[in-house]
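Here's the structure, in structure tokens; my notes come after.
The values are calculated or read from the model by the stated rules, or taken from the named source; none is laboratory data. The shown structure was predicted, so the numbers you read here are calculated from the model rather than taken from an experiment. Counting neighbours? That spans all protein chains shown, and the Cβs are built from the backbone with ideal geometry, glycine included.
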Amino acid sequence: NGGASDAKNLRVKLVLLGDSGVGKSCIVLRFVRGQFDPTSKVTVGASFLSQTIALQDSTTVKFEIWDTAGQERYAALAPLYYRGAAVAVIVYDITSPDSFNKAQYWVKELQKHGSPDIVLALVGNKADLHEKREVPVQEGIEYAEKNGMFFIETSAKTADNINQLFEEIAKRLPRPAP
Ligand code: GDP
Ligand code: MG
């Protein structure tokens, strides 16, 4: 069917948002290629990758992933990427309270300007750096709960919870009628 969504095969636009340096590109690389490259380059503008996963009920979900640049000078472009997105993954770095504040800014932006039925996920990345943690896990949990978001802590470096992140998002997607 030309790649459109049907009851068994969903195609969803997903956008990653968050401060520069929180690990958005590494999360995507880990999910799509199973790799972690500590020398990965800064994203310019945005980049696009896709990955399909199969769920237990034999449906498949093809994620069309827009990985945005976090820098201020690209902020005006963000609506181009989140407009029409079915999913927004908002990422912060658990060692950076600034990045957690920035994540809250993105949540508000998406609540105002995103699709009304958008699935929002809040991700605390770099969970492997627990000795440098500055954002308690409870803060992430509570903020996400208040805002009706799915929450998870991940590590693109160790791969911890990366597949789980996308599987949990897939389970929360609105399904087209069979
Ligand atoms: P982006 O700007 O949000 O796309 O961030 P990048 O994916 O480019 O990552 C920024 C930096 O954080 C890089 O030096 C990565 O190696 C590092 N990084 C990304 N994810 C993790 C992680 O889970 N753990 C650790 N320790 N470092 C990470
Ligand atoms: Mg990047």
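Could you go through the stretch 122-140 and let me know if any residue there is within 22 Å of LEU55 (Cβ to Cβ) and either touching a Pro at 6+ places or on another chain (Cβ under 6 Å) or touching a residue at least 40 places away in the same chain (Cβ under 8 Å) (or both).
yes
For the stretch 122-151, how many residues are part of a helix (DSSP H, G or I) and either within 17 Å of LEU16 (Cβ to Cβ) or not hydrophobic (A, V, I, L, M, F, W, C) (or both)?
Going through the stretch 122-151 one residue at a time, the tally reaches 11.
Given the residues THR158, THR95, which is the only one that is among the polar types (S, T, N, Q), over 27 Å from ALA75 (Cβ atoms) and more than 15 Å from the chain's Cα centre (by Cα)?
On inspection, the qualifying residue turns out to be THR158.
Have a look at SER50, SER40, SER25, SER20 and point out the one that is more than 9 Å from ligand 2 (Cβ to nearest atom) and either under 27 Å from GLN104 (Cα atoms) or of a type outside the set (Val, Ile, Thr) (or both).
So the residue among SER50, SER40, SER25, SER20 that is more than 9 Å from ligand 2 (Cβ to nearest atom) and either under 27 Å from GLN104 (Cα atoms) or of a type outside the set (Val, Ile, Thr) (or both) is SER50.
Condition first: more than 16 Å from ASP19 (Cβ to Cβ) and small (Gly, Ala, Ser). Can you find one or more residues in the stretch 103-114 that meet it?
Yes, there is a match, as at least one residue in the stretch 103-114 is more than 16 Å from ASP19 (Cβ to Cβ) and small (Gly, Ala, Ser).
What number of residues within the stretch 22-55 satisfy the criterion of being on the phi > 0 side of the Ramachandran plot and surrounded by 15 or more Cβ atoms within 10 Å (Cβ to Cβ)?
Number satisfying all stated conditions: 1.
Considering each of VAL42, VAL32, VAL15 in turn, give the residue that is within 19 Å of ALA159 (Cα to Cα) and not polar (S, T, N, Q).
None of the others qualify; the one that does is VAL32.
Looking only at the stretch 154-163, decide whether some residue is within 13 Å of VAL87 (Cα to Cα), at pLDDT 95 or above, more than 12 Å from ligand 1 (Cβ to nearest atom) and out of contact with any Cys (no Cβ under 9 Å at 6 or more places or on another chain).
no
Matching residues to (1) within 14 Å of ligand 2 (Cβ to nearest atom); (2) over 13 Å from ASN125 (Cβ atoms); (3) surrounded by fewer than 18 Cβ atoms within 10 Å (Cβ to Cβ):
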residue: THR60; (1), (2), (3): no, yes, yes
residue: ALA69; (1), (2), (3): yes, yes, no
residue: ALA76; (1), (2), (3): no, yes, yes
residue: VAL87; (1), (2), (3): no, yes, no
residue: VAL91; (1), (2), (3): yes, no, no
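Within the stretch 122-136, track down each residue that is away from ligand 1 (no atom under 15 Å from the Cβ) and hydrophobic (A, V, I, L, M, F, W, C).
Those that are away from ligand 1 (no atom under 15 Å from the Cβ) and hydrophobic (A, V, I, L, M, F, W, C): none in the stretch 122-136.
Under 8 Å between Cβ atoms, at least 6 apart or on separate chains: pull out the pairs that start in the stretch 44-67 with a residue that is in contact (Cβ under 8 Å) with a residue 40 or more places away in the chain and farther than 10 Å from VAL12 by Cα and end on any residue that is aromatic (Phe, Trp, Tyr) and more than 12 Å from ligand 2 (Cβ to nearest atom).
Partner pairs satisfying both residue conditions: GLN51/PHE31; GLN51/PHE63; GLN51/PHE166; ILE53/PHE63; ILE53/PHE166; TRP66/PHE48; TRP66/TYR81; ASP67/PHE48.
Taking into account only those residues within the stretch 93-116 that are closer than 20 Å to ALA127 by Cα and of a type in the set (Val, Ile, Thr), which is surrounded by the most Cβ atoms within 10 Å (Cβ to Cβ)?
Taking the candidates together, the pick is ILE94.
In the set VAL107, VAL87, VAL135, which member is closer than 19 Å to ARG172 by Cα, touching a helix residue (DSSP H, G or I) at 6+ places or on another chain (Cβ under 7 Å) and not aromatic (Phe, Trp, Tyr)?
Only one candidate qualifies: VAL87.
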